[in-house]
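The values are calculated or read from the model by the stated rules, or taken from the named source; none is laboratory data. Just so you know, these numbers come straight off a predicted model, no measurement behind them. Using ideal geometry, Cβ is built from the backbone for each residue, glycine included, and neighbour counts are taken over all protein chains shown.
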Amino acid sequence: MPTVQVTGSLSPSRAGDFMTCPLLYRFRSIDKIPETPNPVMVRGTLVHAVLERLFDDPAPQRTLAHAVSMVPAEWQKLLTKSPELAELFAAGADFDGSVGVEAAQSEEAEWLASCTAFLDNYFRMEDPQYLEPEARELWVKHELDTGLTLRGIVDRIDVAPDGRIRVVDYKTGKSPNSRFEDKALFQMKFYALVIWRERGVIPTLLQLMYLGDGRFLRYEPIEADLLATERKLQALWTAIAAAMTAHDFPPRKNPLCNWCAHKAICPEWGGTPPPMPVNSP
């Protein structure tokens, strides 16, 4: 598929949306339809925040107990930044409201406590007292020759004294079946490509840490891998640009539909999408 010269940007998540379902890409990237906060996804954000902030403390303080103690404070920071998250545990209208408030508080406490299992798995996988990351939650960006900008946020980058680079990403789900490892690694190859183009060095190791079951997925990229990823992204953007021009983003039914926030307005499930925004490309 030929490439096109067009200004635009693509992140791993938006690229994944289009590959999964073009209509999902449209809902999220063009229509920008809000999605109701999901307790599982928000918990992942909270665990990520704890692991990011953990390295702010001196190495001897980076213990499991300390990480667990950070959870309530990091949750309050997320609530301050995104007050709508409080709706996850809103109290019901139970007579005078007291029972509903107590139930909501209990549910919130259990949810916060559930973060401990993920943090425990993290500490079983590596000891942060022996790590000094070069960067955490690092914004990376690179513009390809076609005008497409690749962008994203990397959970962690470790750089060894000899210059070797390890790209680390935390996942609070369970590790994928071997049949789906390539799909899981797409995000990491995306980041490796951007880092290579910006730094001139191919990362030595891409490491996914699945905190749901305490397993690693590791991959050592080579130049051919990253060139193939670059070609794939350019072809993907060509397809996205064509869909924008035609205002045609067809739905694609897949196993993830049951978890889609937009299922009610999807034609594959009897719904009707809203008209394309008037200012869309």
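When the criteria are applied in full, Glu52 meets the requirement of being in a helix (DSSP H, G or I), out of contact with any Leu (no Cβ under 6 Å at 6 or more places or on another chain), touching a residue at least 60 places away in the same chain (Cβ under 8 Å) and surrounded by fewer than 17 Cβ atoms within 10 Å (Cβ to Cβ).
Right, Val68: among the aliphatic types (A, V, I, L, M) and either modelled with pLDDT of 95 or more or touching a strand residue (DSSP E or B) at 6+ places or on another chain (Cβ under 8 Å) (or both) or not? Here the answer is yes, as Val68 does meet what is asked.
How many residues does the range 174-199 hold that are modelled with pLDDT under 95 and surrounded by fewer than 17 Cβ atoms within 10 Å (Cβ to Cβ)? Result for the range 174-199: 7. Residues that are free of Cβ contacts under 8 Å to residues at least 24 places away in the same chain and surrounded by 17 or more Cβ atoms within 10 Å (Cβ to Cβ) within the range 66-88 comprise just one, Met70.
When the criteria are applied in full, Leu227 fails the requirement of being assigned by TED's automatic domain parsing to the domain that holds Thr20, within 25 Å of Gly173 (Cβ to Cβ) and not polar (S, T, N, Q).
Looking at this structure, is Arg179 part of a strand (DSSP E or B), closer than 30 Å to Arg124 by Cα, within 21 Å of the chain's Cα centre (by Cα) and outside the structural domain of Phe123 (by TED's automatic domain parsing)? So Arg179 does not fit the description; no.
Candidates in the range 115-159 are the residues that are small (Gly, Ala, Ser) and surrounded by fewer than 16 Cβ atoms within 10 Å (Cβ to Cβ); of these, the one that is nearest to Gly214 (Cα to Cα) is Ala117. Each residue in the range 89-114 was checked for being assigned to a helix (DSSP H, G or I), modelled with pLDDT of 95 or more and surrounded by 13 or more Cβ atoms within 10 Å (Cβ to Cβ), and 2 of them qualify.
Restricting the first member to the range 125-142 and to residues that are within 12 Å of Leu51 (Cα to Cα) and modelled with pLDDT of 95 or more, and the second to residues that are among the aromatic types (Phe, Trp, Tyr) and not in a strand (DSSP E or B), the beta-carbon pairs closer than 7 Å and six or more apart or on different chains are Pro128/Phe55; Pro133/Phe55; Arg136/Phe55. Any residue in the range 193-210 that's in contact (Cβ under 8 Å) with a residue 60 or more places away in the chain: show its pairings with residues that are assigned to a strand (DSSP E or B) and of a type in the set (Val, Ile, Thr) at Cβ separation under 8 Å, as long as the two are six or more apart or on different chains. Partner pairs satisfying both residue conditions: Met209/Val168. Summed over the range 207-257, the residues that are in a loop (DSSP other than H, G, I, E, B), in contact with a Lys or Arg (Cβ under 8 Å, 6 or more places away or on another chain) and crowded, with 16+ Cβ neighbours inside 10 Å give a count of 4. Say whether the condition of being over 17 Å from the mean Cα position of the chain (by Cα) and aliphatic (A, V, I, L, M) is met by at least one residue in the range 247-256. No, the range 247-256 contains no residue that is over 17 Å from the mean Cα position of the chain (by Cα) and aliphatic (A, V, I, L, M). For Ile202, the conditions (1) surrounded by 12 or more Cβ atoms within 10 Å (Cβ to Cβ); (2) part of a helix (DSSP H, G or I); (3) at pLDDT 95 or above are fulfilled apart from (2).
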